[in-house]
Amino acid sequence: MIRTENLCKSYRWHTRQEVRAIHDISLHIPKNSFAVLNGPSGSGKTTLLNIIGTLDRPTTGKVFIYGEEVTLFSDIALARLRREKIGFIFQDFHLMPRLASWENVSYPLIPLGIGFKERYERAKFLLETMELGDRLNHTPEELSGGQQQRVAIARAMINNPEIIIADEPTSNIDDETSAHILKFLNELKARGVTILVASHDASFKKLSDVTFKMKNGGIEWL
Ligand SMILES: Nc1ncnc2c1ncn2[C@@H]1O[C@H](COP(=O)(O)OP(=O)(O)OP(=O)(O)O)[C@@H](O)[C@H]1O
Ligand SMILES: [Mg+2]
């Protein structure tokens, strides 16, 4: 389903110092599995998620999704792949500040040509499952961190993605809401979605089919 071959990503800092964010990562995430990425801060989790999710390109190495080498795709083809198949939950939410919750959630449906009424109904349904039915018209600054996180989760679900990539989806929220999100992700898995989560949260271990432990930009094989 998702496979990487010898992924490396280096960042140049002021063209002098080179930071090796990840190096030589080869892994396989089977279809419909719940994969968890653990590891300390700075170990490369976000970098790896962004590359697997095709938001960023590796310096060297390959990413395969459904057997296709997506690292060879054009930016336009990648945008299409993301729009149709992948849902993202970002570490820092990436919500649009001037848009209401429901507009943030339904925004990815606009390029798919879906009309206003259906966009609103689908966003409303997802926000209700996230227990935000009374916050449809609030903008991000009018919401708490945990509520923004839940808006971001609802947005990731809006295109019925086959793959969900979540970067620390429970880092800003209380235990009860996090249990709710875990349950929700598990239900998605039951519906056939493949899930890749980066998290320190130990409760993900119970749900995971496969855990990758990252350290200094590499995978630690146990
Ligand atoms: N745009 C960038 N430019 C330069 N260095 C970067 C950039 N993004 C990440 N890095 C470096 O790459 C390394 C990995 O960062 P990354 O954000 O992937 O870690 P992480 O495991 O997600 O950490 P955290 O748990 O704190 O979110 C870090 O050393 C970081 O400083
Ligand atoms: Mg990170």
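Worth a mention:
- Formal net charge of residues neighbouring residue 62 (Cβ-Cβ distance under 15 Å; K, R +1; D, E -1): -2
- Share of pairwise Cα separations in region 81-153, more than 14 Å, in percent: 57 percent
- Between region 92-171 and region 1-53, the Cα center-to-center distance that results, in Å: 26 Å
- Counting 0.36 nm for each residue step from residue 59 to residue 72 and taking away their Cα separation leaves a gain of 3.4 nm.
- Compactness relative to 2.2 N^0.38 Å, alpha carbon Rg of the chain: 1.01
- Adding -39500 (n - 2.57) for every DSSP H run of four residues or longer, then dividing by how many residues the chain holds, sets the calculated 222 nm ellipticity at -10000 deg cm²/dmol.
- Working note: Cα gyration tensor of region 10-74, eigenvalues times five, square-rooted, sorted largest first, giving semi-axes of 23, 16, 9 Å.
- Full extension of the chain segment joining residue 190 with residue 14 gains 58.7 nm, where the gain is 0.36 nm per residue of separation less the Cα-Cα distance.
- In nm, spacing of pseudo-spin labels at residue 120 and residue 200 (7 Å Cα→C-beta vector): 4.2 nm
- Amide H contacts under 5 Å for residue 37: 197, 198, 199, 212, restricted to partners 5 or more places along the chain or on a different chain, H placed in the peptide plane at 1.01 Å from N.
- Considering only alpha-carbon pairs that sit under 8 angstrom and 6 or more positions apart, the relative contact order computed for region 2-220 is 31 percent.
- Projecting label points 7 angstrom from Cα along Cα→Cβ for residue 79 and residue 6 puts them 3.2 nm apart.
- By DSSP, the beta bridges lying fully in the chain are antiparallel in about 55 percent of cases.
Every number in this text was worked out from the coordinates using simple rules, so none of it is lab data. All of these numbers come straight from a predicted model, not from anything done at the bench. Glycine also receives a Cβ, built like all others from the backbone with ideal geometry; neighbour counts cover every protein chain displayed.
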